[in-house]
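Below is one structure, written out as structure tokens; the observations come after it.
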Amino acid sequence: MPNTATLSVDFTHEDFAALLDRYDYHFNPGDVVAGTVFSLEPRGALIDIGAKTAAFLPIQEMSISRIDNSQEVLAPGETREFFILTEENEEGQLTLSIRRIEYMRAWERVRQLQTEDATVRSEIFATNRGGALVRIEGLRGFIPGSHISTRKPKEELVAEELPLKFLEVDEERNRLVLSHRRALVERKMNKLEMGEVVVGTVRGIKPYGAFIDIGGVSGLLHISEISHNHIETPHSVLNVSDEVKVMIIDLDAERGRISLSTKQLEVTPGDMTRDPELVYSTAEEMAEKFREQMIAAQQPQEEVAVGEAGLV
């Protein structure tokens, strides 16, 4: 039998480091990786993601919401996904984020809610000159003052929960704009019909018309829909706090608008300028005639549509 020779192999620390490099994963900013919480520290946490050095998760990157300490969201030994925020520093340590993952998923969820035309509820946490601030899926949202339908001063709305509809969802510009008015109008519109007469109160008068409160939502009585007769200003016919009877002539759920008319309720053109009470006393009767005219106008269109379908 041949002699068995014992080979002496010199294996240095440099060789071992090179071997590790051979089998080391390459981590890049923007990657989402699995990791295990190694330890919690006052300023963050150390995370084992399989790199040579434990990665660091700063406390401000632990959640899309503000937290005071890491134990609110993490526990030692917990395994979850992390977003690689930066490349290795001079010590070979990566910086991670959970907030970025939550942020991306929040925008994805908000876009889906907008596509579904969903109504969401959120509590106002602050107000400013332009409107109010809320949080939707952890993202900061803005409600313009013109889209807040409430009689309360804005300052008193903090901590109040409101139903909201989406007006704008733009992740690139970090714009999330919502409407309280649209949500209320949609809910109200489900109970309203074109040609219906409703009682409302004049809440504001502008050169172009009057805003009428009907059951907590605002409708516009345009100056051209006050009377068949020409009027110079709505003030010549209406005053703030007046109780009026108006007919609904348009319901625009997408824009959150209700258009109203008293002109269509006049028995004789100009009645609103001479005797509004006369118009209100016969409002239901005139509205019924208006609805009959609407139905009559729709019938020829329906007959044409049926005829065209028969030719197909």
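The values are calculated or read from the model by the stated rules, or taken from the named source; none is laboratory data. A quick note: this is a predicted structure, and the numbers were derived from the prediction, not measured. No Cβ is skipped: glycine too gets one built from the backbone with ideal geometry, and neighbour counts run over all protein chains shown. What goes into the accessible areas is simple: the full protein's heavy atoms, side chains included, and nothing from ligands, DNA or RNA. Shrake-Rupley method; radii C 1.70, N 1.55, O 1.52, S 1.80 Å.
Under 5 Å between amide hydrogens, which residues at least 5 positions from Leu96 or on another chain qualify, with H placed 1.01 Å from N in the peptide plane?
So Leu96 has HN proximity to Phe56, Leu57, Leu85.
Can you give the accessible area per residue of the chain, in Å², using a 1.4 Å probe? List each step's numbers first, then the result.
Working: 18930 Å² over 312 residues.
It amounts to 61 Å² per residue over the chain.
Taking the inverse of the average 1/r across all pairs of different Cα atoms in the stretch 47-166, what Kirkwood radius in Å do you get? Could you put the intermediate results ahead of the total?
Details: mean 1/r = 0.0592 Å⁻¹.
Result for the stretch 47-166 stands at 16.9 Å.
Can you run phi through the Karplus equation (6.51, -1.76, 1.60; θ = phi - 60°) for the stretch 179-186 and list ³J(HN,Hα) in whole Hz, with x for Gly and Pro?
Using θ = phi - 60°, the values come out as 10, 6, 4, 4, 5, 5, 4, 4 Hz.
Using a 10 Å Cβ count of at most 15 others and DSSP loop calls, identify the longest part of the chain lacking such trypsin sites (Lys or Arg not before Pro).
Details: sites that count: Arg43, Lys52, Arg66, Arg129, Arg151, Arg173, Lys191, Arg255.
Value returned for the longest uninterrupted segment is 192-254.
Once you've got the GNM for the chain with C-alpha springs shorter than 10 Å, pick whichever of Pro76, Pro234, Pro153 has the biggest mean-square fluctuation.
Looking only at Pro76, Pro234, Pro153, the largest GNM fluctuation is found for Pro153.
Given the pairs Lys165/Lys289; Lys165/Lys191; Lys152/Lys263; Lys206/Lys289; Lys154/Lys206, which span a C-alpha to C-alpha distance of over 28 angstrom in this model?
Details: Lys165/Lys289 35 Å; Lys165/Lys191 18 Å; Lys152/Lys263 31 Å; Lys206/Lys289 30 Å; Lys154/Lys206 21 Å.
The pairs that break the limit, which is 28 Å between Cα atoms, are Lys165/Lys289; Lys152/Lys263; Lys206/Lys289.
Please give the FRET efficiency for Val177 paired with Arg80, using the beta carbon to beta carbon distance and R0 = 25 Å, rounded to the nearest 0.05. All intermediate terms of the calculation are to be shown ahead of the outcome.
Details: r = 32 Å, r/R0 = 1.28.
Computed FRET efficiency for Val177 and Arg80 comes out at 0.20.
Can you give the local net charge around Glu225? Use residues other than it whose beta-carbon is closer than 11 angstrom to its beta-carbon, Lys and Arg +1, Asp and Glu -1. If you can, show how the numbers build up before the last one.
Details: positive: Lys263; negative: Asp250, Glu266.
Local net charge: -1.
Please compute the net charge surrounding Ser281, taking Lys and Arg as +1 and Asp and Glu as -1 over other residues with Cβ under 11 Å from its Cβ. Provide the component values of the computation, followed by the final result.
On the way: positive: Lys245; negative: Asp271, Asp275, Glu277, Glu284, Glu285.
It works out to a net charge of -4.
Show me, for the stretch 98-110, the HN-Hα J-couplings you get by feeding each phi into the Karplus relation (A = 6.51, B = -1.76, C = 1.60, θ = phi - 60°), rounded to Hz, glycine and proline as x.
9, 4, 5, 5, 4, 5, 5, 5, 5, 5, 4, 5, 5
As an exercise, use a Förster radius of 45 Å and the Cβ-Cβ distance of His230 and Phe125 to find the FRET efficiency, rounded to the nearest 0.05.
My answer for the efficiency is 0.40.
Please give the per residue volume of the convex hull enclosing the alpha carbon atoms of the stretch 97-253, rounded to a whole number of Å³.
Working: hull volume 20.8 nm³, N = 157.
Each residue corresponds to 133 Å³ of Cα convex hull volume.
Using a 1.4 Å probe on the protein heavy atoms, what percent of the accessible area of the stretch 148-290 belongs to carbon and sulfur? Mind dumping the intermediate values first?
Details: 3320 of 7260 Å².
Looking at the stretch 148-290 in its full context, I get 46 percent from C and S.
Can you match P(r) over Cα pairs in 10 Å bins from 0, in percent to one of these, [x] 5, 21, 23, 19, 15, 11, 5, 1, 0, 0; [y] 5, 19, 26, 24, 16, 7, 2, 0, 0; [z] 5, 18, 18, 16, 13, 9, 9, 6, 3, 2, 1, 1, 0, based on a calculation from the structure here?
[z]
Please grab the % of Cα pairs in the stretch 185-244 that end up more than 20 Å from each other. It would help to have the intermediate numbers written out before the result.
Details: 458 of 1770 pairs.
Here the long-distance tail beyond 20 Å is 26 percent of all Cα pairs in the stretch 185-244.
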